[in-house]
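Undergrad: Take a look at this one; I'll ask things after.
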Amino acid sequence: MTSLVSILQWLLKAAIFFTLFAFALNNQADVTVRFFFGYQWTAPLVLVVLITFAAGLLLGVLGMVPRWWRQRRAAAHARKLSEASASQVLPNSPAADAATSSVPHGL
């Protein structure tokens, strides 16, 4: 079953590759990208599409970075709080017995 799934994944990747390759072959005509103040750039259409896609991907990732940083800080803060609360276990409590027990529960 695992080999069937890996074969299907390989076939899907090959189909995507050949579809994109055919797209690139069909779009080799030169296009002119006109910027402000009379600047222009002439390149194959597939290159312009690829650069536009990469720029959008980069902007999306850069837009997510502040949220990732906030989540990492919150996770580090939560980890420090849990470590601090774990170190404050009372000596005669069931949590202290579980923390010092060398035999895992349920076995």
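The values are calculated or read from the model by the stated rules, or taken from the named source; none is laboratory data. None of the values given here were measured: they were computed from a predicted structure. In this analysis, Cβ positions are derived from the backbone assuming ideal geometry, glycine residues included, and neighbour counts consider all displayed protein chains.
Undergrad: Are any of the residues in the stretch 95-105 of a type outside the set (Val, Ile, Thr), at pLDDT 85 or above and outside any helix (DSSP H, G or I)? Talk me through it step by step, then tell me what you get.
TA: Going through the stretch 95-105, the residues of a type outside the set (Val, Ile, Thr) turn out to be 95-99, 101-102, 104-105.
Adding the requirement that they be at pLDDT 85 or above leaves none.
Among the residues of the stretch 95-105, not one is of a type outside the set (Val, Ile, Thr), at pLDDT 85 or above and outside any helix (DSSP H, G or I), which makes the answer no.
Undergrad: Within the stretch 16-25, work out how many residues are of a type in the set (A, V, I, L, M), surrounded by 10 or more Cβ atoms within 10 Å (Cβ to Cβ) and over 23 Å from the mean Cα position of the chain (by Cα). Let's see the steps before the verdict.
TA: As a first pass, look at the stretch 16-25 and keep what is of a type in the set (A, V, I, L, M): 16, 20, 22, 24-25.
Subset that is surrounded by 10 or more Cβ atoms within 10 Å (Cβ to Cβ): 16, 20, 22, 24.
Subset that is over 23 Å from the mean Cα position of the chain (by Cα): 22, 24.
Number of matching residues: 2.
Undergrad: Which numbered condition in (1) of a type outside the set (A, V, I, L, M, F, W, C); (2) surrounded by fewer than 10 Cβ atoms within 10 Å (Cβ to Cβ); (3) touching a helix residue (DSSP H, G or I) at 6+ places or on another chain (Cβ under 6 Å) is the only one that residue 40 fails?
TA: Exception for residue 40: condition (3).
Undergrad: Identify, from the list 46, 31, the residue that is modelled with pLDDT under 90, β-branched (Val, Ile, Thr) and touching a helix residue (DSSP H, G or I) at 6+ places or on another chain (Cβ under 8 Å). Show your work before the answer.
TA: Values: 31 fails: modelled with pLDDT under 90.
Every option except 46 fails the conditions.
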